[in-house]
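Q: Got a structure for you, written out below as structure tokens; questions coming shortly.
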Amino acid sequence: EAAFIRSMSRCYGWNATGGKSGSTFSRTRCDRYIIKYVNKSEFKMLIDLAGPYFKFMAKGCFRSLPTVLSKILGCYQVS
């Protein structure tokens, strides 16, 4: 947990291209994580889809099935 928090605290802006939302992205200096800043409507959509998403990802993980979906580790509010 401490290593994750340390990674999150050491980020730099990342100019990701190709997305429709125009969201801001950051990358951790260790290159293990990508952070996407989302607005309220994107957050609500993520919460609404969380159950089916995690069920699908768990099924793929336990059965070694490939997927092109990003792995979501959590949603955090920083203030």
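Q: Under unit Cβ charges (Lys, Arg +1; Asp, Glu -1), what dipole magnitude, rounded to 20 debye, does the chain have relative to its Cα centre? Please list the in-between numbers first.
A: Numbers: 13 positive and 4 negative charges, 23 e Å.
Result for the chain is approximately 120 debye, rounded to the nearest 20.
Q: Okay, moving on. Per DSSP H run of n ≥ 4, the term is -39500 (n - 2.57); total these for the chain, divide by its residue number, and report the mean residue ellipticity at 222 nm rounded to 500 deg cm²/dmol.
A: Calculated from helices alone, the mean residue ellipticity at 222 nm is -13000 deg cm²/dmol.
Q: Carbon-plus-sulfur fraction of the accessible area of the chain, 1.4 Å probe, in percent?
A: 58 percent
Q: What does the accessible area per residue of the chain come to in Å², with a 1.4 Å probe and no ligands, DNA or RNA counted?
A: On the way: 7010 Å² over 79 residues.
Accessible surface, normalised per residue, equals 89 Å².
Q: Assign one of three labels to region 1-70, namely rounded, prolate or oblate, based on the Cα gyration tensor with a ≥ b ≥ c the square roots of its eigenvalues; rounded applies when a/c is under 1.5, prolate when it is not and a/b is larger than b/c, and oblate otherwise.
A: oblate
The values are calculated or read from the model by the stated rules, or taken from the named source; none is laboratory data. In this text the structure is predicted, and so the values were computed from the model without any measurement. Positions of Cβ are generated from backbone atoms using ideal geometry, with glycine treated the same way; all protein chains shown enter the neighbour counts. The accessibility values were calculated without ligands, DNA or RNA, using every heavy atom of the protein model including side chains. Shrake-Rupley method; radii C 1.70, N 1.55, O 1.52, S 1.80 Å.
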